[in-house]
Amino acid sequence: MSVVDHVREMAAAGLHSNVRLLSGLLLTMSGNNPELFSPSQKYQLLVYHADSLFHDKEYRNAVSKYTMALQQKKALSKTSKVRPSTGNAASAPQSQCLPSEIEVKYKMAECYTMLKQDKDAIAILDGITSRQRTPKINMMLANLYKKAGQERSSVTSYKEVLRQCPLALDAILGLLSLSVKGAEVASMTMNVIQSIPNLDWLSVWIKAYAFVHTGDNTRAINTICSLEKKSLLRDNVDILGSLADLYFRAGDNKNAILKFEQAQMLDPYLIKGMDVYGYLLAREGRLEDVENLGCRLFNISDQHAEPWVVSGCHSFYSKRYSRALYLGAKAIQLNSNSVQALLLKGAALRNMGRVQEAIIHFREAIRLAPCRLDCYEGLIECYLASNGLREATVMANNVYKTLGANAQTLTLLATVCLEDPVAQEKAKTLLDKALTQRPDYIKAVVKKAELLSREQKYEDGIALLRNALANQSDCILHRMLGDFLVAVNEYQEAMDQYSIALSLDPNDQKSLEGMQKMEKEESPTDATQEEDVDDMEGSGEEGDLEGSDSEAAQWADQEQWFGMQ
């Protein structure tokens, strides 16, 4: 048994640090005496040494050693062709135990992806003939092609993965995300579904995610709910997470939070989707819960984007935009495909006045998630902030046509129309359509209330907000109802609404300002009659918060995040 055999055995046993030390010494010996090891032995030493470097995350050094190994293998192949066969049976086992050249190229591609050198990764894998590509090589190529925008090549590679492994679900999702029809994808798995018992759910699963990737959130939710209700798939964390994300996309934040909570109760170490969950909690003013969630995720892993995004949500809603920007950038560094990280960084940049930089991030988010409305909302806000009303109108119309006429797209288009003095009637019509479809859609209610406030139709606004609050409780709706009640001199009930708003979000500055503004405008006679208001006036909290007559109309600019209210 040679020393190279010992190195091979240690590598197989996972003793990477030992392999690194010994192979490094042996390679130095080989350099000083080229005759010490045969070409095949030197090739093996280079590969095992490179593998140990890869394990230590020294990717550039590993690429260097893998390249040397491939050069050595090339020279070895030429030598084998030149030398005639001696009939020595001992040479056969030696050639069989040589590390695979295909595997070496795959490891090099992995190094390049870790170094963010995707073009080099594609180049090295493209050098492998189609016949020699294993499923994992095709899968990596498919993902790299997709990231590079080479959709046709990506589809071909994903299909090749499914041809070899028909139950590769991530490859199925990849095809659906590239607009391949659900029926076509399902046909590639039909044989295995029919031949294996208890796989009848897979065709429904494919159908559900086909709806997801076409932006049909309602049908996707209904289909996934039918899966989740099946006894064999009940309480599946992945399905619950997908359902939560779909509720979020559909604007049903209450159910989204509920499903995320169910998922993390089933799996306390769950990371996937927790960035969206953290954002929803932050948006509701539950900053303590967001902070706790961030700490829990960091204890699980700080090498994923989600903990950094959650921490960034806490900073953003605490108005620490510079820190939110840093945390968002860190998350993107860990996962450049993290949509939520891009939205976080874009929102922070926008609020810091760096609108053009924010636009770049929102556009990248749209590229990665073309069916997520919040990506478009963030971009449209940037256009409006930079007086790009025409660009915002074009974008809103495109979203309306692409994603269909639903309550969300109608409200988004109405939001842009509200910024145009000549399009107020159109905005009203769009909001009425949105509320007809979904009377409980908070964004539409808020925008309609904002329009009524401009028109000074306070009684209509009060009726609208009371109706919306009959079946749900939301900080913004309670605060806006308080603003309307102040306008009609209903001070006591206005105070109650502001108090409810603050109980839902103790950090809601607008509700605090509304209470103070009401106290300043209230007459002495009314103040004498209402003891509760007297108690609040005597609390000594005066002067630091300033009211503004335009606050009811401008609340969205200061409260929105990720293009959402």
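The values are calculated or read from the model by the stated rules, or taken from the named source; none is laboratory data. As the structure is a computational prediction, the values presented were derived from the model and not from experiment. Cβ atoms come from the backbone with ideal geometry, glycine included; neighbour counts cover every protein chain shown. Quick note on the areas: whole protein, heavy atoms, side chains included, nothing else; ligands and nucleic acids left out. Shrake-Rupley method; radii C 1.70, N 1.55, O 1.52, S 1.80 Å.
Observations on the model:
- Scan segment 237-255 for residues that are open to solvent by 40 Å² or more (accessible area, probe 1.4 Å) and over 27 Å from V445 (Cα atoms) and the total you get is 1.
- Flag for A263 being open to solvent by less than 30 Å² (accessible area, probe 1.4 Å), more than 26 Å from S179 (Cα to Cα) and touching a Gly at 6+ places or on another chain (Cβ under 7 Å): yes
- Listed by first and then second residue, the pairs with beta-carbon distance under 8 Å, at least 6 apart or on different chains, first residue in segment 103-127 and outside any helix (DSSP H, G or I), second modelled with pLDDT of 95 or more and of a type in the set (S, T, Y), are L115/Y59.
- Qualifying residue in segment 359-378 (condition: in a helix (DSSP H, G or I), surrounded by fewer than 18 Cβ atoms within 10 Å (Cβ to Cβ) and hydrophobic (A, V, I, L, M, F, W, C)): yes
- Taken over segment 303-319, the criterion of being among the charged types (D, E, K, R) and modelled with pLDDT under 95 is satisfied by K319 alone.
- E110 vs. criteria among the acidic types (D, E), open to solvent by 50 Å² or more (accessible area, probe 1.4 Å) and at pLDDT 90 or above: no
- Among (1) touching a residue at least 40 places away in the same chain (Cβ under 8 Å); (2) in a helix (DSSP H, G or I); (3) over 12 Å from M108 (Cβ atoms); (4) open to solvent by 20 Å² or more (accessible area, probe 1.4 Å) - the single one F54 does not satisfy: (3)
- Here segment 202-232 is the region considered, the condition is being in contact with a Leu (Cβ under 6 Å, 6 or more places away or on another chain) and open to solvent by 30 Å² or more (accessible area, probe 1.4 Å), and the residue that is nearest to L266 (Cα to Cα) is V204.
- For L258, the criteria (1) open to solvent by 40 Å² or more (accessible area, probe 1.4 Å); (2) of a type in the set (A, V, I, L, M, F, W, C); (3) in a loop (DSSP other than H, G, I, E, B) hold in every case but one, which is (3).
- Some residue of segment 278-298 being open to solvent by less than 20 Å² (accessible area, probe 1.4 Å), hydroxyl-bearing (S, T, Y), touching a Cys at 6+ places or on another chain (Cβ under 7 Å) and part of a helix (DSSP H, G or I): yes
- Pairing each residue of segment 217-240 that is closer than 20 Å to D252 by Cα and among the charged types (D, E, K, R) with any residue that is open to solvent by 30 Å² or more (accessible area, probe 1.4 Å) and not in a helix (DSSP H, G or I), provided the two are 6+ apart or on different chains, yields C-beta distances under 9 Å for E228/R234; E228/D235; E228/N236; D238/K272.
- Count of segment 441-467 residues, restricted to those that are open to solvent by 80 Å² or more (accessible area, probe 1.4 Å), closer than 14 Å to L477 by Cα and among the basic types (K, R), is 1.
- Looking across Y458, Y400, Y441, one residue alone is more than 30 Å from N217 (Cα to Cα) and of a type in the set (S, T, Y). It is Y458.
- Qualifying residue in segment 387-394 (condition: acidic (D, E), over 15 Å from the mean Cα position of the chain (by Cα) and in a helix (DSSP H, G or I)): yes
- If you go through segment 437-472 and keep only what is under 24 Å from L412 (Cβ atoms) and among the hydroxyl-bearing types (S, T, Y), you end up with Y441, S453.
- Residue in segment 420-434 that is out of contact with any Gly (no Cβ under 7 Å at 6 or more places or on another chain), more than 24 Å from R390 (Cα to Cα) and buried (at least 23 other Cβ atoms within 10 Å of the Cβ) present: no
- Qualifying residue in segment 345-353 (condition: surrounded by fewer than 23 Cβ atoms within 10 Å (Cβ to Cβ) and either without any contact (Cβ under 8 Å) to a residue 12 or more places away in the chain or part of a helix (DSSP H, G or I) (or both)): yes
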